[in-house]
Amino acid sequence: MRSVTDSRYMEYYIMNNIIKDYISTIDIDIGISIRLDCPMCSGTKTLSVTRFNDSTKFYCFHANCSKGGIIKEGITETSFSVVEDILSPPLQVGLEVEKQNWRRNNGSKLFYEYIKVNHCTHAWANNLADIRYDYKRDRAVFIIKSSNKIVDAAGRYLGTRDLRGDFSGPKWYRYGNSGIPFICGNSKHAVIVEDCASACSISSFATGVALLGTSLSEKVLDILGQFDRVTVALDKDATTKSIDMLTRISWETNNVEMVVLERDLKKLDVLESKKVLKIDD
C-alpha cells in the first residue's frame, strides 16, 4: 500500500475512487465480468469490470483512456491499491521511448505475421512507419511522431503472452497521452481510419491518419488542414460518428468525403483499398 501523499500516485488514487464510487452502485456477482460506460473518458461500454472474492478489476478499452487497476476491499482514504503493473502509468510526452528497449528488428513470429497479414510491410520497409516490438507486453508498437520527434506510441497486443502475469490488457494500448494521431504516408490525400495498421496499409497511395478510436479532437482537425483531400473511412458501426466528422471537417476543407467500410482497410490489398476509397490511378 502507498500513501496518497506520494504525488506520483495521486492521479491513480483519484481515479480509483471515482471508479470505485461509480461501480459500487452496480450489483456484480463474483466471477462475473460486465461492460459499462467509462466515467473517465465517457466511452460507451468500454469499461470492463470483473468481480472477485476480495477485489474488483477494471479496465477501459478506449485507446485514449486505458485506465485500469484493482480496487481492494476495505480501501481507505489514506491508502490505495491500484495495481500499477496491470497498466503502467502513461508515459509522458517525449515518452522516453528510446529507453524502453523495444526491438526494431527482433520481434516474435507473430509480430512479423501481424505486419504482413495486415499489409503494413510497405510502410515498415520504406520507413514510413516506425514499428517496434514490446517484448514485455507482447505488442507491435507503432511510434507516433510530431515534427520528427517521438511524442507517443500505440501498441497492438499480439495475444501470445505477457511477462507481467496473466493480464493481457486491451487489444490496443496508448502508451502516452499526447492526443496526436498516428500518421503514415506522404500523400496530400488524408484517409481517416481507426487504427495504426489500417493507416499503414494505405501508405503507398494515401496518408493514413489513425485516430486510435472514433473521436475527432481539435488536434486532429488542425493536422487535417494541411491536406488537399480528406476521406473519413471508419467501420460501419461508427457511421453516425463518421457523419459528424464529415460535418466538422467540412469547416476546414471543401474537399472531404466519407466512405462506410464493410471490411477493415488493413485486410484489403492495394487495389481493393483504392476501389473502396474511390481512388483512380
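The values are calculated or read from the model by the stated rules, or taken from the named source; none is laboratory data. For clarity, every value in this text was computed on a predicted model and none was experimentally measured. Here the Cβ is made from the backbone with ideal geometry for all residues, glycine too, and neighbour counts use every protein chain on show.
Quick one: what pairs do we get from region 17-45, first residue of a type in the set (F, W, Y), second surrounded by 13 or more Cβ atoms within 10 Å (Cβ to Cβ), C-beta under 6 Å, 6+ apart or different chains?
If the second residue must be surrounded by 13 or more Cβ atoms within 10 Å (Cβ to Cβ), the pairs left are Y22/P39.
Residue by residue, here is whether (1) among the charged types (D, E, K, R); (2) modelled with pLDDT of 90 or more; (3) under 21 Å from T121 (Cβ atoms); (4) not assigned by TED's automatic domain parsing to the domain that holds S42 holds:
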site: P170; (1), (2), (3), (4): no, no, no, yes
site: I192; (1), (2), (3), (4): no, yes, no, yes
site: S201; (1), (2), (3), (4): no, yes, yes, yes
site: T207; (1), (2), (3), (4): no, yes, yes, yes
site: L211; (1), (2), (3), (4): no, yes, no, yes
site: S217; (1), (2), (3), (4): no, no, no, yes
site: L224; (1), (2), (3), (4): no, yes, no, yes
site: R229; (1), (2), (3), (4): yes, yes, no, yes
site: S242; (1), (2), (3), (4): no, yes, no, yes
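Taking region 253-281, which residues are within 20 Å of K241 (Cα to Cα), within 25 Å of the chain's Cα centre (by Cα) and assigned to a loop (DSSP other than H, G, I, E, B)?
E262, R263, D264
Scan region 244-262 for residues that are without any contact (Cβ under 8 Å) to a residue 12 or more places away in the chain and not hydrophobic (A, V, I, L, M, F, W, C) and jot them down.
Answer for region 244-262, where residues must be without any contact (Cβ under 8 Å) to a residue 12 or more places away in the chain and not hydrophobic (A, V, I, L, M, F, W, C): T247, S250, N254.
Can you name the residue in region 31-52 that is assigned to a strand (DSSP E or B) and among the aliphatic types (A, V, I, L, M) and, of all such residues, is farthest from D21 (Cα to Cα)?
I34
Just one of (1) under 17 Å from F205 (Cα atoms); (2) surrounded by 15 or more Cβ atoms within 10 Å (Cβ to Cβ); (3) free of Cβ contacts under 8 Å to residues at least 40 places away in the same chain trips up K241, so point out which.
It fails just one condition, (1).
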